[in-house]
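Rule-based calculations on the coordinates, nothing more; no lab input. This is a predicted model, so every value here is computed, not measured. No Cβ is skipped: glycine too gets one built from the backbone with ideal geometry, and neighbour counts run over all protein chains shown.
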Amino acid sequence: MVNTEFLISLVPLFPLLGFLIVALNVRRLSHGVTAFIACGAILLSFITSVVLFTKLLSAPEAERSITVTLYQWFAAGSFSANISFLLDPLSSLFLLIITGVGFLIHVYSIGYMHDDKGFNRFFSYLNLFVFFMLLLVMGSNYLLMFVGWEGVGLCSYLLIGFWFKNQNYNDAANKAFIMNRVGDLGLLIGIVLIAWKFGSISYPDVFANALQNSEALKSHGILITWITMLLFVGAMGKSAQIPLYTWLPDAMAGPTPVSALIHAATMVTAGIYMIARNNVLYAMAPATLTVVMIVGLATAIFAATIALKQNDIKKVLAYSTVSQLGLMFLALGLGAFTAGIFHMATHAFFKALLFLGAGSVIHALGNEQDIRNMGGLKKYLPVTYMTFLIGVLAISGIPPFAGFFSKDEILANAFAQNKIVWVLAVGASLLTAFYMFRLFFLTFFGKERASHEKMHHIHESPKSILIPLIVLAILSLAGGFMGVPEVLHGSHWLSHYLAPVFASSTQFLAHHDHLSHATEYALMGGIVGATIILIIFAYSRYAKNNHVPATDETTTGLQRVLMNKYYIDELYNAIIVKPLYHISAVFEAFIERLGIDKLVNASGSFVVWGSRTARLLQNGSIGYYIFIMVIGIVLILVANNLK
Amino acid sequence: MTLNLFYFLSFLAVLSALMVVFSKNPVYSVLYLIITFFTIAGHYILLDAQFLAVVHVIVYAGAIMVLFLYVIMLLNLNRESEPHKSNILKFAAVICAGLLLVVLVGSLKGTEAIVQQSGKAGIGYVKTLGEVMFKEFLLPFEITSILLLAAMVGAVMLGKSEKTNDTI
Amino acid sequence: MNRSDLYSLTPLLILSSAAILNFFSISIKRNHKVIFAITVLSLIGDFIFLTSYSLYHQQHIDPLLVVDGFGIFNIGLILLTTLVVALMSYAYFEQREERKEEYYILLILAALGACIMVISKHFVSFFLGLEVLSVSLYSLIAYLRTRERSDEAGIKYLILAAFSSAFLLFGMSLIYATTGKMDFGGIGYYLTTTQDIPLIMMAGLGMLIVGAGFKLGVVPFHMWTPDVYEGAPTPVTAFIATVSKGGMIALLVRFFNAINGYQYESFTNLFTVLSIASMFVGNILALRQTNLKRILAYSSISHIGYLLVAFLSGGSMGAQATTFYLVAYFITTLGAFGIIATLSDQHRDAELIDDYRGLLWRRPLTAVAFSAMLLSLAGIPLTAGFIAKFYVITAGIGTQHWLLVFCLVVNSVIGLYYYIKIIAVMFDQKLQIKSAKELHPLVYVISSVTIAVLAVFLFWLGVSPEGMLSLIDDVI
């Protein structure tokens, strides 16, 4: 097994090396060399992951969890934190997706970024991001996960603001980083609480400890609820759930490959990974699971309604990502961890595909992102059109595309547990189909609405862009077959593969009867039928009748609310940012202005030393400082005397 | 007798300290301050600390106050040059100082002196003081020299005129 | 005083001799290089000598000082910090017209004062150390007299420091009046013999806190911080932010452990209030600043607030967290001010945010180092600041100071905002041409290497803090 352990530590090492080589020679390397190093690093990582994956598969089930410790990081109090990696079915699945999809997106970026000045810088960031992402899923303790967690946030900050050209991009980057930090701090407190309660921060110890004391933990449910809730706050930030979701649509300011890699396929699923990893703890906290479910469901619907009226191709995809993430959380909240992970995997394929396809369109049209200015692109971009169609079919849940199986599993779980949840989830899923096809038809069908100049330059993208699209399209087509449910005479390979990870939590979850096959067939048929009807509706409205969304000024009422994303950003501004600024201003007015500014303004230009000193002493500003100090002293003495 | 003397000195000290603050003319303030120092020196004597009393008078009332007077005269400060202070500020300062006084009095009131009088005769003599200072507390004495060194370097450095760049 | 006492005090003697040596050197000929060399060499020599002590060294120089592992560690920290400050001062002062030589004397003396403070176990040495430090600082702050805010800052600091010293002395005398003792051990012993502390003693302790709070710049005694940070020459600002505050923290730790102050609820409550107020006021005031030195001043106020959380936790965990936080804070603060110093020109310091616009494109390495320092201040993983903050939170939760931990977390988010703002400005692509007087290349080499070393330390402590932690563990 020494070999395996070595391989495990190689996986994150390659991207790190790639980053270091590119970053240290950022001005010297030619674009070709950079691309070769950066993509090569990820490819090597991917190959290693595949080897590891096959090794895990061939190993007996009990040995499918390998921990490699590199060295002790630090010890605080009673526990110690190691730099160590954990390879088990869950993390290996994530490894495959991160390195696999990551590699494709790297290849795509070669074509997409080819004439950008920051080409080398871009690839160094991408490699660094992959490194942190691998750290996140491979770390065998909470703190290492947290390091990865913060690291991906940082890279996402750098990449969103990659073109630090205008203030909007900067603001978007800042917003993403700060919103993430709000979540991260919840996560951090959760981790510290775990460390305090369980005396360890490594997963195996904590879970073993939790299982041992499950009775006590469950009877004093408040602590475990707090821990899981705080961890969930972290997940909300990173995976863009209500109320911390507004950063994700804004994050689309970054280059499109970034949106595909970070804001669709990998980073935003970190929250899913984290909850799945902690399934034992969550299973013991039913209250938190309910919250997760509600937040997930609410987000799924909420974001889907906003997506209905967005006109920026990337914004639509962004809100759709938020909505799909909501569905995953819904699955997790229902205790259907496998279903959540399954959807995460298929979503990584088809959403990456959609983003890259959108990127291809944007590229072809010379940075046009508004779908009102597209249309009729079918014949100009045939490959993009075909692959995009596959992506849209997959996300809408049309069999046999990947999204169908994973979404169906979530919906079936919802149906088994709570009919109302099921109805709402189906609603969100139908909305998804509608707005995705709206996007699709507006882009590729109908009249050509782009300017003549742009139509003149229009061209299908280069090979480096198309090949990843095709590969991802194949994955979106076939990816679902890793989890074909029993009812369709599949064996659901994925759930068997992941079973050891979720084994210990099943005992705490309420058991639900399996749906009868007849019911399942009925559900599938009904949903698919409804979806197809909606698609036809979308077709007639947007493709045939050439209905183009109105310009911003003429929209009214609900549409306007939707278009402005329910004014959530404005609300945040009003209740958080502004008050903070006001407090700051008040402080400044009372403390700063009274003292210093008066002096500074008055003194103005250079004055001779004596008069300045005299003025200084007479100005009263020091008196004012002493005044504050004396008040402080009085308060301290009073406080002391009161005891 | 000692007690009466104590009250008399204290009264004088507080009164002249107040006058330091209330005098409009800075020269008067300095003179009142000298009186304050003398009364405090009187307290030292009452406490059997003759050496301290003498040093106090020489250093504070003698050296420092003379310096103050010189500075005041050189800067030509007088009644007119006193800046106008707003009444609100004055009021706030009075309230604040009053609060501090109340709190201090409150915490000091009703506490009997706990420390035991050493009762050693001649505790304030130069000889006794010297013995303590050069035996037990030799190290702080040395540190004080460093303190003076720092003060001296700083004062010279800040006080010298700008132009002499290359020579001392 | 015997031989082993002298042996234990040698680091202090080396420092004072270095000051005297500088004196004589000035009297022969003014030469910036020579003075600089003497200063740097004596600081390095002193540190090397210090490493010859065992960590379990324990020498009581009754009644005033105790040279133990904790003291040695802190002296080492002070010496290294002063060394870094001296290194960054050379380039800074070389381009200015003023006389530069006395600066080093005052710097050494200030370091000496701080060293005395951290090995004090008696009020007399405490106060003398504090005054040596303060008196040197008065002139250091006002050193660049031709600059507009310099003497203003110096005088403000002088008046306020004298004011707080008066309270400190008053507090000491009240404590002496109650206990009849001036050494920490004696006071601690007195406290074990009484049921509850007499009112007069409480007042005295409260006044001690006033004095300490002033030095630390905690709210409400923080008023001087922004003015002085802004007015003082940048290396001096770095010194104030690190040595002067760190020395006081070390002393507080020693004092509180000696009197076992953690058991008195009124004290812990008092410090809790001070800590929370510092965190909030510091961070909120920093939000709208555009002057980098003022931002760092306000941020230092809030950092002291964080430090107090660790301090309040008490016990070995608290002391460990405090010390580690101090080390991390020293490194990042020195780095940040070091960068400001290297970017400053002869007329003014590079203290406005606009001076940093597009720095990444002009001086990429400096910008990256600066970003690293800021991220560490914000507590992002893989930097020293993260480990430090994690430790503080662990310590806080371990002793169940929930409110404090909560405030700390909230403030970390607020704080992040202005750190990120600076980083964003540096990444801005608008180019700005800046001309500075060309100095001897060596000057830049010294400053750059210093900053690079600090940055390496920053990441080293973030990635592999175990060495430093076990060292701290040993000395506590």
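A simple rule links phi to the HN-Hα coupling: the Karplus curve 6.51 cos²θ - 1.76 cosθ + 1.60 with θ = phi - 60°, which for segment C:181-191 gives 10, 10, 8, 4, x, x, 5, x, 5, 4, 5 Hz, with x for Gly and Pro.
Which loop trypsin sites (Lys or Arg not before Pro) in segment A:30-136, with loop taken from DSSP, have no more than 13 other Cβ atoms within 10 angstrom of their Cβ? Don't jump to the answer; show the numbers that get you there.
Numbers: sites: A:55, A:64, A:117, A:121; in loops: A:64, A:117.
Hits after loop and neighbour filter: A:117.
For residue A:139, the residues 5 or more places off, or on other chains, whose built amide H falls under 5 Å of its own are A:86. Taking amide H atoms as placed 1.01 Å from N in the peptide plane, the amide H of residue C:345 lies under 5 Å from those of C:350, each 5 or more residues away in sequence or on another chain. If you take the beta carbon distance between residue B:51 and residue B:21 as r and set R0 to 22 Å, what does 1/(1 + (r/R0)^6) give as a FRET efficiency, to the nearest 0.05? Calculated transfer efficiency: 0.15. Given R0 = 60 Å, the distance between the Cβ atoms of residue C:464 and residue A:521 translates into a calculated FRET efficiency of 0.55.
A DSSP coil position with no more than 13 other Cβ atoms inside 10 Å describes none of the chymotrypsin sites (Phe, Trp or Tyr not before Pro) in segment A:322-407. Farthest toward the positive end of the dipole of segment A:367-492, out of A:440, A:424, A:402, is the Cα of A:440, where the dipole comes from beta carbon charges about the Cα centre.
Report, in listed order, any pair from B:24/C:245; A:197/A:238; A:175/A:454; A:218/A:407 with a Cα-Cα distance greater than 28 Å. Mind dumping the intermediate values first?
Values: B:24/C:245 40 Å; A:197/A:238 25 Å; A:175/A:454 33 Å; A:218/A:407 31 Å.
Result: B:24/C:245; A:175/A:454; A:218/A:407 exceed 28 Å.
3J(HN,Hα) along segment A:40-45, derived from phi through the Karplus expression 6.51 cos²θ - 1.76 cosθ + 1.60 where θ = phi - 60°, amounts to x, 4, 5, 4, 4, 4 Hz, with x in place of Gly and Pro. Using a simple spin-label model with pseudo-atoms 7 Å out from Cα toward Cβ, residue B:5 and residue A:455 lie 11.3 nm apart. Output the relative contact order of chain C, whole-number percent, from Cα pairs under 8 angstrom with separation of 6+ residues. Once divided by the residue count of chain C, the mean separation gives 16 percent. The ranking of A:492, A:517, A:347 by Cβ neighbour count inside 10 Å, starting from the fewest, reads A:517, A:492, A:347. Computed from the C-beta positions of residue A:62 and residue C:192 and an R0 of 56 Å, the FRET efficiency is 0.45 to the nearest 0.05. Counting other Cβ atoms within 10 Å as a rough exposure proxy, the listed residues C:407, C:115 run C:407, C:115 from fewest neighbours to most. Each label point was placed 7 Å from the Cα along the Cα-to-Cβ direction; for residue C:17 and residue A:17 their separation is 5.2 nm.
Exceeding 22 Å between C-alpha atoms, which entries from my cross-link table qualify? They are A:55/A:351; A:378/A:447; C:156/C:421.
Details: A:55/A:351 29 Å; A:378/A:447 11 Å; C:156/C:421 30 Å.
Table pairs above 22 Å Cα-Cα are A:55/A:351; C:156/C:421.
How high is the relative contact order of chain A? Use alpha-carbon pairs under 8 Å, at least six apart in sequence, and give a whole percent. Can you show the working numbers first?
Working: 976 pairs, mean separation 74.2, N = 643.
It rounds to 12 percent for chain A.
Note on residue A:486 and residue B:156: their simple-model spin labels are 9.5 nm apart, each label 7 Å out from Cα toward Cβ. Here the Karplus relation 6.51 cos²θ - 1.76 cosθ + 1.60, evaluated at θ = phi - 60°, turns the backbone of segment A:234-247 into coupling constants of x, 5, 4, x, 6, 9, 6, 9, 4, x, 9, 9, 5, 6 Hz, with x for every Gly and Pro.
Helix C:3-28 and the long axis of chain C differ in direction by around 30°, with both axes built from C-alpha atoms.
Counted by neighbouring Cβ atoms within 10 Å, the residues B:128, A:531 run from fewest to most as B:128, A:531.
Put simply, the amide H of residue A:81, placed in the peptide plane, has neighbours under 5 Å in A:73, A:74, A:75, A:76, leaving out anything fewer than 5 places away on its chain. Sites listed here are chymotrypsin sites (Phe, Trp or Tyr not before Pro) in segment C:1-86 whose DSSP assignment is loop and whose Cβ has at most 16 other Cβ atoms within 10 Å: C:56.
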